[in-house]
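What follows is a short report on a single structure.
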């Protein structure tokens, strides 16, 4: 019974890891769609999102069955509940990538990002997708301190987010209000994606160590 | 045992209902802060948010203990898991109200909302807080069709959200880019608050009927 349970737990972990890989891919493709005004890429992100929604539901169903059939206790129970929590966050990461792809599609064939902000958004895309990659590693092999690392990376995302907001609200912004408001939202999607990744890392570290990791000062 | 369980389940329901009441209050106060450039109100929302965060954690802890001690099955298990899901969404509703209060605080003593959009934001505040009120009723006494009603209300919020976006990106917008970008975000917080409320209603209806209610066409 216990062996079955731990086998299922490992499967659940692998399943969550695969969801993170999908979220990372969604973010990479969304950033490509955004920076390349690439409609095909944008559509790809939009249709892939349904799979991530389904995976979230499947994760919850697996967790429910494990709870119903095996009634785990203590740390095992915490693990199963956390998987449901994490799946929900990862699914939301997919939604945020989808929103970025939608923003690219909305203005196509025009570019959503003006030349002077391309590098910043490329960096946002690279860092946030990298955070999702990092989650794959953490979920498969949790280790103390990993939340802290992801939280540090989140600092960088916050800085880039602030940089975009400064740029689009500066007096010398030449691209008009519609572009500025669109970018205010898009940059927030990156920032929220990073926040969700940090939430997942925090939860993973909590269930592996039993201690809620301290928030950055 | 089963009696204890159902008693605890009712307590959990009441607990979630109280969380929704707090989210409704947070949204009302945030809208007052926004429309009245009221710093005291804004600070009140900001400090109340910690209580909602704590309530979410407590809800999860209660659910965990119920699962550990009573190992519920089938629909009872579904109810407990859904409580965790709903608590997370309601906590997020509080965060969104907090973001609106922050936006009011950021520009204080100036007003964040120009006169011609005051009615729209007042309406957004009224409708979304009303959705949280409605959740209190649904959680205490679930009934079929309630998700559909909240989903209809969400239509209105989407329309108001689109109206704000149209207004701030129109050629004749006289208030500059910083105000427009701030309002693009603030109106999205209202829209997201409504989305979360719909998610909760959908989940509540699902656990009470066993059927996932159909999405609006």
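Just so you know, all these numbers are worked out from the coordinates, no wet-lab data involved. It should be emphasised that the depicted structure is a prediction, and the values quoted were computed from it without experimental measurement. Note that we place each Cβ from the backbone using ideal geometry, even for glycine, and neighbour counts take in every protein chain shown.
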Checklist entry - Quick one: label points 7 angstrom along Cα→Cβ at residue A:149, distances to the other copies in nm, smallest first? => result 5.1
Item to check | Rough spin-label spacing in nm, given labels placed 7 Å along Cα→Cβ, for residue A:126 and residue A:47 | outcome: 3.0 nm
Checklist entry - Using r as the Cβ-Cβ distance of residue B:214 and residue A:214, and R0 as 56 Å, what FRET efficiency do you calculate, to the nearest 0.05? => result 0.80
Checklist outcome for this item: Expressed in angstrom and ordered largest first, the alpha-carbon extents of the protein assembly as shown along the principal axes are 66, 45, 42
Next on the checklist: For A:93, A:19, which order do you get if you count the other beta carbons within 10 Å of each Cβ and list the fewest first?
Outcome noted: A:19, A:93
Checklist entry - Between residue A:36 and the same site in the other copies, what are the distances in nm, shortest first, taking label points 7 Å from Cα along the C-beta direction? => result 5.3
Next on the checklist: As a check on your reading of the symmetry: which chain A residue has its Cβ nearest the axis that brings A onto B, and how far is it in Å?
Outcome noted: A:71, 2
Item to check | residue B:65-residue B:148 pseudo-label distance in nm [points 7 Å out on the Cα-to-Cβ vector] | outcome: 4.0 nm
Next on the checklist: Nearest 500 deg cm²/dmol is fine: what mean residue ellipticity at 222 nm does chain A get from its DSSP H runs of n ≥ 4 alone, each adding -39,500 (n - 2.57), divided by its residue count?
Outcome noted: -30500 deg cm²/dmol
Item to check | Whole-angstrom gap from segment A:99-160 to segment B:108-169, using each part's C-alpha centre | outcome: 30 Å
Next on the checklist: Taking the beta-carbon count within 10 Å as an exposure proxy, list B:183, A:165 from fewest neighbours to most.
Outcome noted: A:165, B:183
Next on the checklist: Give me the extension gain from residue A:74 to residue A:140: residue separation times 0.36 nm, minus the current Cα-Cα distance, reported in nm with one decimal.
Outcome noted: 21.7 nm
Checklist outcome for this item: Counting only backbone N atoms under 20 Å from a point 7 Å out along Cα-to-Cβ of residue A:2, the residues of segment A:61-87 in range are A:66-81
Checklist entry - Can you give me the relative contact order of segment A:2-209 as a percent, contacts being Cα pairs under 8 Å and 6 or more apart? => result 31 percent
Checklist outcome for this item: On the formula 1/(1 + (r/R0)^6), with r taken between the Cβ atoms of residue A:155 and residue A:10 and R0 of 45 Å, the FRET efficiency rounded to 0.05 is 0.85
Item to check | Segment residue B:40-residue B:175, length gained on full extension (0.36 nm per residue, minus Cα span) | outcome: 46.1 nm
Next on the checklist: How far, in nm to one decimal, is residue A:75 from itself in the other copies if the label point is set 7 angstrom along Cα toward Cβ? Shortest first, please.
Outcome noted: 3.7
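Determine, for B:195, B:159, the number of other Cβ atoms within 10 Å of each Cβ, and report the residues in order from fewest to most. If you can, show how the numbers build up before the last one.
Working: B:195 18, B:159 9.
Fewest-to-most ranking of B:195, B:159: B:159, B:195.
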